[in-house]
Ligand code: ADP
Ligand code: MG
């Protein structure tokens with residue numbers, strides 16, 4: 001038997017069980033031994049019956065008397081009296097009549113289960129029972145619990161893993177020995193045993209450390225190798241011309257922040273190298289990322305290079321095209337907009353202009369990466385809010401140039417530094433940690449749904465001053481199953497009553513593109529006073545004259561989402577307000593209290609991390625394919641250890657191909673995260 005052996009060949013796995021495993025993706029012995037427990041119940045301490053207290057317990061006892069009786073239709077109860085040297089107790093099982101036969105066999109058993117008060121007495125409920133003379137699998141130990149597999153009892157999973165126990169002691173090491181040794185890790189086989197058959201809590205800790213380290217090591221080694229490969233690529237050299245940049249900066253209606261200057265400098269430095277830039281521009285909402293990209297595009301255009309700007313939504317693509325056009329047109333730099341709604345002849349003309357180089361900057365959505373778009377000389381790619389793009393899409397975009405274009409990914413998702421290392425390990429990072437000087441802090445208030453009238457008065461006062469307002473709802477249509485507000489009904493209601501005298505618009509994702517454009521552009525031009533919208537405006541939308549936002553059913557949004565939404569106001573010198581109304585009469589959650597307290601994206605990200613756990617945020621949810629089973633991205637110590645070890649290994653010249661398992665995993669991660 002080896003790791004590739006089909007599970008059906010293992011003792012205790014018949015055709016039916018095999019099929020159930022297969023349905024859960026577990027086909028081979030190797031699959032099952034790496035199917036790790038989610039949690040543990042500690043049944044490792046045998047208690048005398050006389051000393052027993054409520055909770056999870058194990059006793060070693062003999063069965064004095066056992067009987068089964070029906071209690072009501074379809075329900076049979078088996079009761080037994082258990083005896084050890086210290087006393088007697090009762091155990092009870094529901095619908096497990098086979099217990100009677102098992103216990104009548106006689107001899108001593110281990111019983112592990114919950115000792116609790118039920119049916120007017122303390123008793124041991126539904127305990128597992130195993131002969132003490134045999135090696136216990138389900139009792140008398142720290143008992144692992146596995147993710148449920150449809151149709152399969154945990155007990156059976158444990159029993160089959162027990163069959164594979166000898167194999168676990170023989171599995172080959174998967175990490176380089178040098179790494180295992182220098183990091184003082186336990187072997188791969190011991191780690192598997194520690195996960196499935198721990199004797200102590202410490203066994204589990206050691207196993208977790210080892211396996212978690214390994215996952216991070218693979219991930220970080222992949223990004224190290226990508227970094228090394230990126231450095232070997234041939235990129236365009238775009239010289240930095242001070243007068244060009246200077247005139248751009250002097251033409252701006254505001255003064256750049258120090259952080260914007262530094263980020264621009266980083267980019268222009270990268271442009272001058274013949275290895276392609278691979279940079280992440282990270283800046284909280286409203287920190288002014290677009291203008292930094294515009295500055296770089298200006299420099300690129302001056303040297304005859306085209307820039308492609310990719311946005312996650314049409315709304316944002318429209319906005320970026322307008323913003324960049326305003327910034328760049330004075331210098332004779334032409335901007336073209338390529339989205340799904342540009343059709344027919346206009347589209348053909350634009351394709352032609354991109355091909356012959358008469359358009360310098362192409363802004364678009366996914367449309368930019370379609371095979372039909374041929375660039376004249378693509379030198380620079382900007383990806384806004386890049387976590388919304390798949391890796392495959394990025395790769396498509398990068399195929400469009402004869403040399404590798406420089407790449408700038410912009411994101412408002414604040415990630416603590418250690419996490420950035422794992423998630424964006426191969427990218428250089430510039431951070432905009434400074435707000436433009438003209439900004440006032442946004443006043444955020446949780447507002448009771450009972451005093452809505454006052455709230456509308458406050459909003460109306462802003463409109464009277466010439467400002468604009470957002471009203472954000474959770475749903476598009478009403479859902480009869482809950483009372484959450486929908487944009488459709490809120491729009492009608494507000495239009496017919498409170499804001500009857502105002503110009504009011506409706507925006508949501510299901511509107512046809514042309515209508516979305518029209519509404520957004522009207523709001524943007526100040527032709528609407530109030531925009532009732534779903535979260536389609538969550539990311540990136542920039543209407544500086546909008547200064548007040550009302551978020552309905554605020555407790556239905558995540559912390560990061562609330563922060564992003566609120567970021568739509570507070571984008572000018574005017575005082576801005578964000579009012580959050582919880583649904584029903586719910587007391588404000590911790591989340592809402594935090595958002596009321598702080599406007600700092602990094603702080604809120606850390607709070608979110610604590611409230612939800614890193615797995616939720618940076619784990620599967622966003623980086624599904626990373627599939628970390630053991631490591632959490634919140635474990636900064638382990639990350640930094642793995643980072644150092646990976647760097648050392650990458651430098652050591654040791655051949656990765658000597659380590660089959662490692663090479664395979666690293667390959668998977670490399671393809672996943674690579675930008676080329
Ligand atoms: P984000 O980083 O969220 O993408 P934007 O690039 O949309 O931010 O910029 C937000 C707003 O701030 C825009 O209206 C922009 O014109 C303005 N802005 C950018 N930089 C500055 C600055 N240094 N001073 C004042 N306003 C600025
Ligand atoms: Mg933006």
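The values are calculated or read from the model by the stated rules, or taken from the named source; none is laboratory data. What you are looking at is a predicted structure, and each value in this text was computed from that prediction instead of being measured. So basically every Cβ, Gly included, is an ideal-geometry build from the backbone, and we count neighbours across all protein chains shown.
From the list 430, 401, the lone residue that is modelled with pLDDT of 70 or more and assigned to a strand (DSSP E or B) is 430. Is there a residue being without any contact (Cβ under 8 Å) to a residue 12 or more places away in the chain and either over 24 Å from residue 359 (Cα atoms) or in a helix (DSSP H, G or I) (or both) anywhere in region 288-296? No - not one qualifying residue is present in region 288-296. Only residues that are in contact with a strand residue (DSSP E or B) (Cβ under 8 Å, 6 or more places away or on another chain) and loosely packed, with under 15 Cβ neighbours inside 10 Å were counted across region 63-74, and they come to 6. Within region 503-524, can you find the residues that are within 16 Å of ligand 1 (Cβ to nearest atom) and either part of a strand (DSSP E or B) or crowded, with 23+ Cβ neighbours inside 10 Å (or both)? Correct list: 520, 523.
Contact annotation: residue pairs with Cβ atoms under 7 Å, 6 or more positions apart or on different chains, pairing a residue in region 525-542 that is outside any loop (DSSP other than H, G, I, E, B) with a partner that is within 12 Å of ligand 1 (Cβ to nearest atom), are 537/568.
Only a single item in (1) surrounded by fewer than 22 Cβ atoms within 10 Å (Cβ to Cβ); (2) under 16 Å from residue 631 (Cα atoms) is not met by residue 214, and it is number (1). Which one is nearest to ligand 2 (Cβ to nearest atom) among residues in region 544-560 that are part of a loop (DSSP other than H, G, I, E, B) and closer than 16 Å to residue 570 by Cα? Residue satisfying both the conditions and the ranking: 544. Of the residues 65, 102, 123, the single one that is within 19 Å of residue 136 (Cβ to Cβ) and modelled with pLDDT under 95 is 102.
When region 528-543 is limited to residues that are under 25 Å from the mean Cα position of the chain (by Cα) and farther than 18 Å from residue 570 by Cβ, the one that is farthest from ligand 2 (Cβ to nearest atom) turns out to be 534. Restricting region 26-58 to residues that are part of a loop (DSSP other than H, G, I, E, B) and modelled with pLDDT under 90 leaves a set whose member that is nearest to the chain's Cα centre (by Cα) is 38.
Here's a check for you: in region 371-384, which residue that is surrounded by 12 or more Cβ atoms within 10 Å (Cβ to Cβ) and over 20 Å from residue 271 (Cβ atoms) is farthest from ligand 2 (Cβ to nearest atom)?
My answer is 374.
Being within 12 Å of ligand 2 (Cβ to nearest atom) and either surrounded by 24 or more Cβ atoms within 10 Å (Cβ to Cβ) or in the same structural domain as residue 403 (by TED's automatic domain parsing) (or both), is that true of even one residue in region 302-310? Yes: one or more hits. Here is a check on your reading of the model: is residue 269 more than 27 Å from residue 651 (Cα to Cα), out of contact with any strand residue (DSSP E or B) (no Cβ under 6 Å at 6 or more places or on another chain) and more than 16 Å from ligand 2 (Cβ to nearest atom)? No.
Taken over region 343-367, the criterion of being in contact with a helix residue (DSSP H, G or I) (Cβ under 7 Å, 6 or more places away or on another chain) and closer than 21 Å to residue 301 by Cβ is satisfied by 359, 360, 361, 362, 363, 364. Of all residues in region 24-51, those satisfying the criterion of being over 23 Å from residue 2 (Cβ atoms) and surrounded by fewer than 18 Cβ atoms within 10 Å (Cβ to Cβ) are 38, 39, 40, 41, 42, 44, 45, 46, 47, 48, 50, 51. When 583, 576 are checked against the criterion of being surrounded by fewer than 23 Cβ atoms within 10 Å (Cβ to Cβ) and either away from ligand 2 (no atom under 16 Å from the Cβ) or within 15 Å of residue 471 (Cα to Cα) (or both), a single residue qualifies: 583. The lone criterion from (1) at pLDDT 80 or above; (2) in a helix (DSSP H, G or I) left unmet by residue 615 is number (1). Checking the structure you have, find out if any residue of region 587-601 is surrounded by fewer than 18 Cβ atoms within 10 Å (Cβ to Cβ), touching a helix residue (DSSP H, G or I) at 6+ places or on another chain (Cβ under 7 Å), at pLDDT below 85 and not in a helix (DSSP H, G or I). Within region 587-601, one or more residues are surrounded by fewer than 18 Cβ atoms within 10 Å (Cβ to Cβ), touching a helix residue (DSSP H, G or I) at 6+ places or on another chain (Cβ under 7 Å), at pLDDT below 85 and not in a helix (DSSP H, G or I). Taken over region 433-457, the criterion of being at pLDDT 90 or above, in contact with a helix residue (DSSP H, G or I) (Cβ under 7 Å, 6 or more places away or on another chain) and within 16 Å of ligand 1 (Cβ to nearest atom) is satisfied by 442 alone.
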